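J.: Starting off with a structure, shown below.
The values are calculated or read from the model by the stated rules, or taken from the named source; none is laboratory data. Not measured: the values here are computed from a predicted model. Positions of Cβ are generated from backbone atoms using ideal geometry, with glycine treated the same way; all protein chains shown enter the neighbour counts.
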């Protein structure tokens, strides 16, 4: 087996060397430690000694060639030995040095794994990107984010007007003088609902902290209560609400729902009244996209997707998570998504986008015996549909008295975007769809 | 060979084979360096073998050795396993320091080999401290053998250490390996006293002498006398061994500061070749002995290289171990 | 409790070491016959003899290195470098040798060496004798750096240092030697790497060590008069560093000031400040302030020397201005 003479490492920083001159010709005899070539490094020309004795079988690197450290420059072996299968210097075949480089890379990446990353002790912030620069300390930003406070409305008392922790903690939204619409700053991971509403599938006892309080005592507001107070005040202060109501005959819808559920009960599918309402709203929003938009900087910003938010009462309080991008979903799919949303809200596994991404909301108090109510719009949305219970009522049909399943619905809308006529058109469309429910199923 | 000392065949055999072990070990390290297996700085001991082998085997187990970064020869002469030394040079977990020290920092605390030290002159104060500890413990007449090169004697730490060692009468043998160059600067360009450095010791009231560092028997004779004197408790001695390193300071050395005739002249006095000739002439060793030893050493070195090549790299966890020693158990 | 000055607390610690461990000896310039340049070891030579109280030549490199060498083979020496300024003459032995031996030998060797030295300025000793280099040493892995501010800490920390098996820079501030404090009569130790809350507070955290702890406490008094409640943290050791106590405090106060005597550029306060913002960014109600001496060599004349040393007023002003308090 021939010995490969390789470009030597002559110093820790040497990467390549030049073969200046061969001191031996191919075929000549060489002894161990006998100089065979002169190698030039960036420091000097040095004699290169053979590590083996025998015959110089082949010179791989010609005089003048620059060869990376570790690549073969010549072969020494026994007389007549084969000198084939040895790549010439600089060829692309794998060499020891290639292997070495790969190994280095491996250990490099391993090394990064053992190096500990810096970890903040506080949770990752879901703070939205401010559109203009606000001077605020890190802790003030974090707390504002948690409380859903818009820093643009907070006056800074620190040096240079910097908003400090104290400024945020003592911030009173009611006394805020800012009138600028700042809907996007509202997004937060715990945005509260504007009114106590629920959907039938997720009815649970809402605990009111005032229930157990003693007469005459002042019960401090819970964090959730504070948020609800702040958001509803903000919405009612900034958004000029108007309301349009309609009585919707749900008789056909109830019949159809029963048929569908009977047919699909084996599949575990159970369409609710609320599912039908969600579907009807989606179709109506496609027709009247202004209700799926919001007011911003004196313009109407249309949303690209329809994300129907539904009010859910959880243990922590009310939240309004959204079914994201549900514009093209079938009724059956929607039913599943609403159920999934409710389950995950109970288990606390909703993601941030679901918490904050709603573009239109439905508040359903149908499980209570209420004929109807008015809802407060959930910023930054511009409309919310409030529905009451479905109750049997006498109606006149074709000149005769009949019993029908009637549901009251009221749309609350932002007058800066839409007017009463548009509100009427929208709720009539919802009514039309629900009263002719086959269209919702197909 | 200029000696009157009688040595037995067995000793001659040990001396010859240890010198050859060092020579072959160093040749192998150079090949491994050229192949990229050994990295960093590599300083070989080729040409200076007679000093380590003439000196270290005369020490007792309870004596201590400390030296500089050209430390492979000292380590092997002290009996450090060539396998773990080679593995250390290759940065492997089986090395003397688990791959954390490298060529310049070989340690074996059990064998009282207290390190190659790579800051020129840095080993002197440590040697003084070890000798002080020996003296304060008053347990044995142990000593410290401290190796250094001609480049170290202009460092302040050398002079501070010489002074304190002499002042406190500490048991140290200062072993100067004068190979005539501190990296590429000749001793005549760096030492005010010229080539004969041992005279400097006289300024500190330290008995000093000079030997031919390429003559193992002369080194041995001088060191034995020095050991005897130090064990008597009268303070340090200073031995200068005139030597020559055949190769550059390190693998990066262009050796353009000396001419080839100088190197050839020194090589002609090769310590191994001349000791071999002496032993054959005196009948201490036979031709058979010589070829048997040659083969044994070759296979020992081959085994060391294979051991180093096949050993695993240090675990990544080891990056963080032994930065600090654990507190004393109470 | 017994009231004593810091100098006596250190002397007590040294005597304990000599009394209980025959591997321990003292070595340094003028520690014997002279009684110690700061009189810490007065009377030691008479009590322990020349062999264990070793006066050395003025040769810091060799006697500090010899301490390391003796420690390598089983002794537990305590060396005294007269001032931390002179430790630079021995820095090769401290940084290149003592600090490296455990690691380079992969645990075969250890260096249980305490290097006592005197740090700090304020004594009109001018540029070469008024420096603080604890921060330099704290940046070297393998070294421990202990910087006590009270007699109680000096004794308790030293007791722990004696059991540690690593080279330790034990830096005593020259202006603290006469500071009085209560020291428990019963035996106690103070662990390395555990900061002390010198004064609790709610509004701002002042981190300091060594001679600056007194200044921070004085600033806290003044802030209190302004209705600002300052928490003062004494790091006690720079290596190991107790970052947890600092961060916990900052989480509470949301504001941090780091006060250090040495120069601002390269100061240890920078390490503290960057650590705070890295791990507790979202807790901060303002920038982490660093109050260091300016980047000038210490002058001799009293008025300009005093001007370069952080003072209580300097801290108070920085806090009120920068935090809008």
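J.: Applying the selection to segment B:36-74, what residues are touching a strand residue (DSSP E or B) at 6+ places or on another chain (Cβ under 6 Å) and within 14 Å of another protein chain (Cβ to nearest Cβ)?
T.: Those that are touching a strand residue (DSSP E or B) at 6+ places or on another chain (Cβ under 6 Å) and within 14 Å of another protein chain (Cβ to nearest Cβ): B:64, B:65, B:66, B:67, B:68, B:69, B:71.
J.: Has segment A:200-220 got any residue that is crowded, with 17+ Cβ neighbours inside 10 Å and modelled with pLDDT under 85?
T.: The initial filter retains those residues of segment A:200-220 that are crowded, with 17+ Cβ neighbours inside 10 Å, namely A:201-202.
Add one more test, that the residue is modelled with pLDDT under 85, and what stays is A:201-202.
Looking for residues that are crowded, with 17+ Cβ neighbours inside 10 Å and modelled with pLDDT under 85, one finds at least one in segment A:200-220, hence yes.
J.: Which of the residues belonging to segment C:254-294 are part of a loop (DSSP other than H, G, I, E, B) and closer than 28 Å to residue A:169 by Cβ?
T.: From segment C:254-294, those part of a loop (DSSP other than H, G, I, E, B) are C:254-255, C:264-267, C:284-288, C:294; that's our starting set.
Hits for segment C:254-294 are C:254, C:255, C:284, C:285, C:286, C:287, C:288.
J.: Does segment B:96-106 hold any residues that are without any contact (Cβ under 8 Å) to a residue 40 or more places away in the chain and either away from chain C (no Cβ under 11 Å) or closer than 22 Å to residue B:298 by Cα (or both), and which are they? Show your work before the answer.
T.: We begin by selecting, within segment B:96-106, every residue without any contact (Cβ under 8 Å) to a residue 40 or more places away in the chain; these are B:96-97, B:101, B:105-106.
Hit for segment B:96-106 is B:96, nothing else.
J.: Could you tell me whether segment A:392-408 includes any residue that is farther than 19 Å from residue A:246 by Cα and assigned to a helix (DSSP H, G or I)?
T.: No: zero hits.
J.: Hey, can you tell me all the residues within segment B:128-161 that are touching a helix residue (DSSP H, G or I) at 6+ places or on another chain (Cβ under 6 Å) and at the interface with chain C (Cβ under 9 Å from one of its Cβ atoms)?
T.: Within segment B:128-161, B:128, B:129, B:130, B:132, B:133, B:144, B:157, B:160, B:161 qualify.
J.: Out of the residues in segment A:5-35 meeting the condition of being crowded, with 19+ Cβ neighbours inside 10 Å and within 14 Å of residue A:58 (Cβ to Cβ), tell me which one is farthest from the chain's Cα centre (by Cα).
T.: Across segment A:5-35, the extreme among qualifying residues is A:30.
J.: A further question on this structure: Need the failing condition index for residue C:115 against (1) within 14 Å of chain B (Cβ to nearest Cβ); (2) without any contact (Cβ under 8 Å) to a residue 60 or more places away in the chain; (3) within 20 Å of residue C:266 (Cβ to Cβ); (4) not in a loop (DSSP other than H, G, I, E, B), just the number.
T.: Every condition holds for residue C:115 apart from (3).
J.: Would a scan of segment C:272-288 turn up a residue that is within 22 Å of residue C:149 (Cβ to Cβ), touching a residue at least 40 places away in the same chain (Cβ under 8 Å) and under 20 Å from the mean Cα position of the chain (by Cα)? Let's see the steps before the verdict.
T.: The initial filter retains those residues of segment C:272-288 that are within 22 Å of residue C:149 (Cβ to Cβ), namely C:272-273, C:275-276, C:288.
Going one step further and asking which of them are touching a residue at least 40 places away in the same chain (Cβ under 8 Å), we end up with C:272.
Subsequent filtering for residues that are under 20 Å from the mean Cα position of the chain (by Cα) retains C:272.
Yes; the residues of segment C:272-288 include at least one that is within 22 Å of residue C:149 (Cβ to Cβ), touching a residue at least 40 places away in the same chain (Cβ under 8 Å) and under 20 Å from the mean Cα position of the chain (by Cα).
J.: Looking at residue C:74 and the list (1) closer than 30 Å to residue B:317 by Cα; (2) more than 11 Å from every other protein chain (Cβ to nearest Cβ), which single condition is not satisfied?
T.: Here residue C:74 clears every test but (2).
J.: Going through segment A:152-167 one residue at a time, which ones are at the interface with chain C (Cβ under 7 Å from one of its Cβ atoms) and assigned to a helix (DSSP H, G or I)?
T.: Matches in segment A:152-167: A:159, A:165.
J.: Okay, moving on. Which ranges mark the helices (runs of 4 or more DSSP H) fully within segment A:256-359 that have 1 or more residues being more than 26 Å from the chain's Cα centre (by Cα)? Break it down stepwise before answering.
T.: On the way: elements: A:273-287, A:331-347, A:352-356.
Fully inside segment A:256-359 and qualifying: A:273-287.
J.: Would you mind listing the helices (runs of 4 or more DSSP H) fully within segment B:213-330 where at least 3 residues are modelled with pLDDT of 95 or more and closer than 30 Å to residue C:107 by Cβ?
T.: Working: elements: B:216-231, B:260-267, B:271-282, B:287-310.
Because the criterion is at least 3 residues that are modelled with pLDDT of 95 or more and closer than 30 Å to residue C:107 by Cβ, the helices (runs of 4 or more DSSP H) in segment B:213-330 that meet it are B:287-310.
J.: How many residues, within segment B:107-127, are at the interface with chain C (Cβ under 9 Å from one of its Cβ atoms) and part of a loop (DSSP other than H, G, I, E, B)? Steps first, please.
T.: Taking segment B:107-127 and keeping what is at the interface with chain C (Cβ under 9 Å from one of its Cβ atoms), we get B:107-110, B:112, B:114-115, B:117-119, B:121-127.
If we keep only those that are part of a loop (DSSP other than H, G, I, E, B) too, we end up with B:107, B:109-110, B:112, B:118-119, B:121-122.
Here the count works out to 8.
J.: Out of (1) surrounded by fewer than 22 Cβ atoms within 10 Å (Cβ to Cβ); (2) in contact (Cβ under 8 Å) with a residue 60 or more places away in the chain; (3) not in a loop (DSSP other than H, G, I, E, B), the odd one out for residue B:146 is which?
T.: (1)
J.: Also, quick follow-up: When you check residue C:120 against the structure, is it at positive phi and surrounded by 24 or more Cβ atoms within 10 Å (Cβ to Cβ), yes or no?
T.: On the way: at positive phi: yes; surrounded by 24 or more Cβ atoms within 10 Å (Cβ to Cβ): yes.
When the stated conditions are applied, residue C:120 passes them.
J.: Can you name every residue in segment B:126-143 that is more than 21 Å from residue C:28 (Cβ to Cβ) and crowded, with 24+ Cβ neighbours inside 10 Å? Even if it seems obvious, please write down each step before you answer.
T.: As a first pass, look at segment B:126-143 and keep what is more than 21 Å from residue C:28 (Cβ to Cβ): B:138-143.
Passing the criteria: only B:143.
J.: If you don't mind, another one. When segment C:97-111 is examined, which residues are found to be more than 7 Å from chain B (Cβ to nearest Cβ) and either in a loop (DSSP other than H, G, I, E, B) or farther than 21 Å from residue B:314 by Cα (or both)? First the steps, then the outcome.
T.: Taking segment C:97-111 first, the residues more than 7 Å from chain B (Cβ to nearest Cβ) are C:98-101, C:111.
Within segment C:97-111, C:98, C:99, C:100, C:111 qualify.
J.: I'd like to check something: does segment A:112-131 contain any residue that is facing another protein chain (nearest Cβ under 7 Å), surrounded by 15 or more Cβ atoms within 10 Å (Cβ to Cβ) and either part of a helix (DSSP H, G or I) or modelled with pLDDT of 90 or more (or both)?
T.: Among the residues of segment A:112-131, not one is facing another protein chain (nearest Cβ under 7 Å), surrounded by 15 or more Cβ atoms within 10 Å (Cβ to Cβ) and either part of a helix (DSSP H, G or I) or modelled with pLDDT of 90 or more (or both), which makes the answer no.
J.: Tell me which of these residue B:115 doesn't satisfy, since it passes every other one: (1) at positive phi; (2) crowded, with 24+ Cβ neighbours inside 10 Å; (3) over 16 Å from the mean Cα position of the chain (by Cα).
T.: The single condition residue B:115 does not satisfy is (3).
J.: I'd like the residue in segment C:237-247 that is buried (at least 22 other Cβ atoms within 10 Å of the Cβ) and out of contact with any helix residue (DSSP H, G or I) (no Cβ under 6 Å at 6 or more places or on another chain) and, out of all such residues, is farthest from residue C:137 (Cα to Cα).
T.: Of the residues in segment C:237-247, the ones buried (at least 22 other Cβ atoms within 10 Å of the Cβ) are C:237-239, C:246.
Filter once more, so that each one left must be out of contact with any helix residue (DSSP H, G or I) (no Cβ under 6 Å at 6 or more places or on another chain): C:237, C:246.
Numbers: C:237: 12, C:246: 21 Å.
Within segment C:237-247, the match that is farthest from residue C:137 (Cα to Cα) is C:246.
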